[in-house]
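What follows is one structure encoded as structure tokens, with my remarks underneath.
The values are calculated or read from the model by the stated rules, or taken from the named source; none is laboratory data. Model, not experiment: these values are computed from the prediction. Glycine also receives a Cβ, built like all others from the backbone with ideal geometry; neighbour counts cover every protein chain displayed. Remember, those area values only see protein heavy atoms, side chains included, never the ligands or the DNA or RNA. Shrake-Rupley method; radii C 1.70, N 1.55, O 1.52, S 1.80 Å.
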Amino acid sequence: MRFQSFASGSSGNCIYIGSDTTHLLLDVGISRKRTVAALNEIGLGLRDIDGIFLTHEHTDHIGGLPMIAKQSDMPIYATRGTIRAIRSMPKFQDIDPERFIPVKADEKVIVKDLTVNPMTISHDAAEPVGYRVTYGTKKACVCTDLGCYNEYTAECLKDSDVLLLEANHDVNMLQVGPYPYPLKQRILSRLGHLSNRMSGELLCRVLNDHMKGIFLGHLSQENNYPELAFETVRLEIMQQGQYRADELPLGVAARKEASPLVEF
């Protein structure tokens, strides 16, 4: 399998997961031009993509969909709630409704030699999900845009070879920052976003000896820094004591640049 984050953050999200014969995009929140450029860097084009899986309908996850759909015929997978929300937006009504294929949390979808298993997440969207993608015994997970986690979340992410996990904000930065109070409360709520500390706590519960890539993703531009997210999560790992953080493949998925390609 191969995994690469093309972009991760409040300004746009797009992730590639593939095998030798199957190629998927998870979210297309960046422009078609940027998506194609990132694909070209790993020897692919839009014509090679076997499907797009959407986590939810917020613009930073679907912004590039109209142009990508216009210039390709790949199927678009999303939950029924997400599809309804997208179809209600004027910008997306030109997309043929037959292109959308409904998925449901914990019901597997097989695309050639990859198996995609959506997972329920807690976020203020119509019917949001994260995704687990497997190829044989190999497993990659993407879990962002969640205000909280539980035993189910941790169980879904266990045994991952590669994981992109949200570390959206530093709570102190958010509390003293310029956001209006209602927005701060939304982000901090159970339907908001995962803080650096909570990301570290969740990560400690799912670490394993065969992880090949751990990416902290969806960082807030206003309420976080890559170095702060990394250090906060690193300290959580060190305090937990089971693993040495400097021996783990831990990094931060960049906002506007592709992460290193992980092959596993």
### Query
Calculated from the structure, Cα Rg over 2.2 N^0.38 Å equals which of (1) 0.94; (2) 1.12; (3) 1.38?
(1)
### Task
Please state the charge dipole magnitude for the chain, taken about the Cα centre, from unit charges on C-beta atoms (+1 on K and R, -1 on D and E), reported in debye and rounded to the nearest 20.
500
#### Entry: Selection from Gly12, Met67, Val206 lying farthest towards where the dipole of the chain points positive, charges on Cβ
Met67
#### Entry: region 131-180 versus region 198-241: alpha-carbon centroid distance in Å
9
### Task
Give me the net charge of Leu235's neighbourhood, meaning all other residues with Cβ under 13 Å from the Cβ of Leu235; Lys, Arg count +1, Asp, Glu -1.
-3
### Query
Sorted by average packing, counted as other Cβ atoms within 10 angstrom per residue and highest first, what order do 21-27, 1-7 take?
1-7, 21-27
### Query
Sorted by mean Cβ packing within 10 Å, highest first, what order do the peptides 225-237, 168-180, 49-61 take?
49-61, 225-237, 168-180
### Summary
The ratio Rg/Rh over the Cα atoms of region 46-186, Rh being the Kirkwood inverse mean 1/r radius, stands at 0.99
### Query
Mind checking which aspartates and glutamates have their C-alpha under 17 Å from Lys139, skipping anything on the same chain fewer than 8 residues away?
Asp20, Asp106, Glu107, Asp113, Glu155, Asp159, Asp161, Asp209, Glu263
### Task
Go through region 96-102 residue by residue and turn each phi into a ³J(HN,Hα) via Karplus (6.51, -1.76, 1.60, θ = phi - 60°); whole Hz please, and just put x for glycine and proline.
4, x, 5, 6, 7, 10, x
### Task
Take the alpha-carbon centre of region 86-119, take the same for region 32-60, and report the distance between them in whole Å.
15
#### Entry: Surface share of carbon and sulfur [accessible, 1.4 angstrom probe, percent] for the chain
49
### Task
Past 25 Å, Cα to Cα, is the threshold; run Lys104/Lys138; Lys104/Lys184; Lys104/Lys212 against it and keep the listed order.
Lys104/Lys184; Lys104/Lys212
## Note on the structure
region 137-243, convex hull of Cα, quarter of hull surface, nm² -> 6.5
### Message
How high is the relative contact order of the chain? Use alpha-carbon pairs under 8 Å, at least six apart in sequence, and give a whole percent.
### Response
19
### Summary
Phi angles of region 171-177, converted by Karplus (6.51 cos²θ - 1.76 cosθ + 1.60, θ = phi - 60°) into ³J(HN,Hα) in whole Hz with x for Gly and Pro, give 4, 5, 4, 5, 5, 9, x
### Query
Can you run phi through the Karplus equation (6.51, -1.76, 1.60; θ = phi - 60°) for region 39-52 and list ³J(HN,Hα) in whole Hz, with x for Gly and Pro?
5, 4, 5, 10, x, 10, x, 4, 5, 7, 6, 8, x, 10
### Message
Which lysines, if any, have their Cα less than 28 Å from the Cα of Lys33, not counting same-chain residues under 8 positions apart?
### Response
Lys70, Lys91, Lys112, Lys256
### Task
At 1.4 Å probe size, with every protein chain present, just tell me what the per residue accessible area of region 100-143 comes to in Å².
42
### Message
Using DSSP to call loops (not H, G, I, E or B), can you name the trypsin sites (Lys or Arg not before Pro) in region 51-93 whose Cβ has at most 12 other Cβ atoms within 10 angstrom?
### Response
none
### Query
Hey, with R₀ at 30 Å, roughly what FRET efficiency would Ile110 and Met89 work out to, going by the Cβ-Cβ distance, to 0.05?
0.55
